[in-house]
Amino acid sequence: MAPLKHLEMENPIIDASFRDFCSSHGILTVEDFLIHDLYELAAFAERQVDADRLKEGITVMLSLLEVKCRPLLNGMELLEDLQRNKHTLSSGDNGTDSLLQGGLREGQVTELVGPSSSGKTQFCMQAAASVAEKQEGSVFYIDTGNSFSARRIAQFICGSSAAAALQKRVLSRISCHTVYDIYTMFDTLQGLEVALRSQEQMNVNECRLRLLIVDSISSLITPILGGSGSQGRALMVALGYLLKKLAHEHNIAVLVTNHTVGAGENGKTKPALGETWKSIPHVRLMLSRDNRNNICTISILKHTSMLSGQTVTRKDNQQCL
């Protein structure tokens, strides 16, 4: 990304004094600013003689990030994206694949929304097993809640008499990365982007990355949305933009999970993270669960090429479909 100096002409507050303050904390570019702990930066600014001006500069930077990182959503771009990315990856469940006309679409971000214990993590692990086994592609699994289980994934692998060898081969294609805060998330995704670009330059196609999973995205974003400041919202939009950029530029399917919150008067629940995040995913699915009958229902809340409201039910104990 651009050095901070490039922003001064249109934003005089980002002057030499502000840049010197940022550089003293290792911030030389917009990208450095994005991944820095801004709570810490604001605390340091508070102790400076020109604290008000420095804090104003931080606020301007956050506003710029929110505008610059806003996903592009015009109709022509959506049409081109749909035409360019026609490949789908099986989720591991026939009913869900049928509902989505093939499964998870490469080049797009699919969000799975549901309350706690509704089966979101199970869906992610089943999708990971399916892609690693049936598409013979690699899976980059980001676990934010310490819920990843290699043993559980192995149960989704439909093998033959050589099940142990198959499980080992499939599991070797799934890399799990534990992330507990949004700054580490940015580091992880940027490291992944560098690796993908390197592979493309070297023309490495063997077992290429097909699926990126983030379970869950809301556990990283919710803690930074408190208060009236714009920092948390700007970071959320920037993270969404980065996920869409990875999906689009490297033609991989991205699957993220989100929790639900109460909607108020009518008593219904709705996806967390608010209206700003709503524009990020290309596809939004709602997952609900009937614990008594062990049945999950998946419904389409948003889709780039399908009507919302369509549903499918599945038995939660189905593994090999």
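Values as computed for the structure displayed
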item	result
Verdict on residue 68 being open to solvent by 30 Å² or more (accessible area, probe 1.4 Å) and modelled with pLDDT of 85 or more	no
Test: residue in segment 224-240 that is at pLDDT 85 or above and surrounded by fewer than 17 Cβ atoms within 10 Å (Cβ to Cβ)	no
Selection count, segment 292-302, where residues are in contact (Cβ under 8 Å) with a residue 12 or more places away in the chain and open to solvent by 30 Å² or more (accessible area, probe 1.4 Å)	5
Within segment 109-217, helices (runs of 4 or more DSSP H) holding 1 or more residues that are under 30 Å from residue 36 (Cα atoms), in contact with a helix residue (DSSP H, G or I) (Cβ under 8 Å, 6 or more places away or on another chain) and of a type outside the set (Gly, Ala, Ser)	182-201
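The values are calculated or read from the model by the stated rules, or taken from the named source; none is laboratory data. Because the structure is a prediction, the values reported are computed rather than measured. Methodologically, a virtual Cβ is constructed for each residue, glycine included, from the backbone with ideal geometry; neighbour enumeration extends over all protein chains shown. Heavy atoms of the whole protein, side chains included, go into the accessibility calculation; ligands, DNA and RNA do not. Shrake-Rupley method; radii C 1.70, N 1.55, O 1.52, S 1.80 Å.
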